[in-house]
Amino acid sequence: RAFDKKRNRYITKKVWNDNGSSNLEELNDILRSTIMLRRSKEDALPQLPRKRRQLIEVEGAAKEVKAEKTAWEEVCASIGYEEALRQMETGAGIAFTEMASKRKIVALSKIPFVVEHVSNLLDSGEKVILFAHHRDVISGLAEGLKDYSPVTYVGGMNEKQKDEAKRRFMEDDACRVFIGNI
């Protein structure tokens, strides 16, 4: 099920069954030009190690996190919890706009702590892959980690730039950090 913004309701997605198809190359071109395909990491790159998730409390960002929580409470008080959730799911409305702004402030406040943490990880000799949502955060991380020759991989880059970033991270021992967004 997916939320249709135009109809303001959930709809059931249709899935194509391509069993027995001919002209698969043409079908592939059509599909890739009109939809986005997602694969699991295990399917796409099985040689990568398992993802590690770690919760690290950042004391220096407490003020910004509290402001985000307060903003959410204010939005819920003004339009109601259910409506605030709906707006967050659809990516539209005051709730989404307000929270996106607050989350960016929180993310920017964490840059120095992330740089310190990642620098400590890099001292072990491993390469590190980071993901962030906001381009300002990606730029801040790249600047803070410049001693490790990071590459960035973000929307808006052409295929040549993206391929170069991937190649450099995989082949250049001096390039120790890959910073990308979805």
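The values are calculated or read from the model by the stated rules, or taken from the named source; none is laboratory data. Predicted model, so just to flag it, every value in this text is computed and none were measured. No Cβ is skipped: glycine too gets one built from the backbone with ideal geometry, and neighbour counts run over all protein chains shown. Quick note on the areas: whole protein, heavy atoms, side chains included, nothing else; ligands and nucleic acids left out. Shrake-Rupley method; radii C 1.70, N 1.55, O 1.52, S 1.80 Å.
Secondary-structure-derived ellipticity at 222 nm for the chain, considering helices only, amounts to -16500 deg cm²/dmol, per-run term -39500 (n - 2.57) for DSSP H runs with n ≥ 4. Taking amide hydrogens as placed 1.01 Å from N in the peptide plane, the amide H of Tyr153 sits under 5 Å from those of Ile179, Gly180, Asn181, each at least 5 positions away in sequence or on another chain. To put it simply, the accessible area of segment 1-146 at a 1.4 Å probe is 52 percent carbon and sulfur.
Look at the Cα gyration tensor of segment 10-110: its axes a ≥ b ≥ c give a/c of at least 1.5 with a/b at or below b/c, and that counts as oblate.
Relative to one another, the C-alpha centroids of segment 30-74 and segment 131-178 are positioned 17 Å apart. In the chain, Cα pairs under 8 Å separated by at least six residues give a relative contact order of 16 percent. The residues packed around Ala142, meaning those with a beta-carbon under 14 Å from its beta-carbon, carry a net charge of +1 if Lys and Arg are +1 and Asp and Glu are -1.
The residues of segment 72-182 expose on average 60 square angstrom of accessible surface per residue, using a 1.4 Å probe on protein heavy atoms. Under a no-solvent Debye model with one identical scatterer per Cα of segment 85-182, what's log10 I(q)/I(0) at q = 0.17 Å⁻¹? Rounded to two decimals, the profile gives -0.79.
Structure note, pairs Lys102/Lys160; Lys146/Lys166; Lys41/Lys162; Lys6/Lys102; Lys41/Lys110: Cα-Cα distances above 23 angstrom occur for Lys102/Lys160; Lys6/Lys102; Lys41/Lys110. Divided by 2.2 N^0.38 Å, where N counts the residues, the Cα radius of gyration of the chain comes to 1.29.
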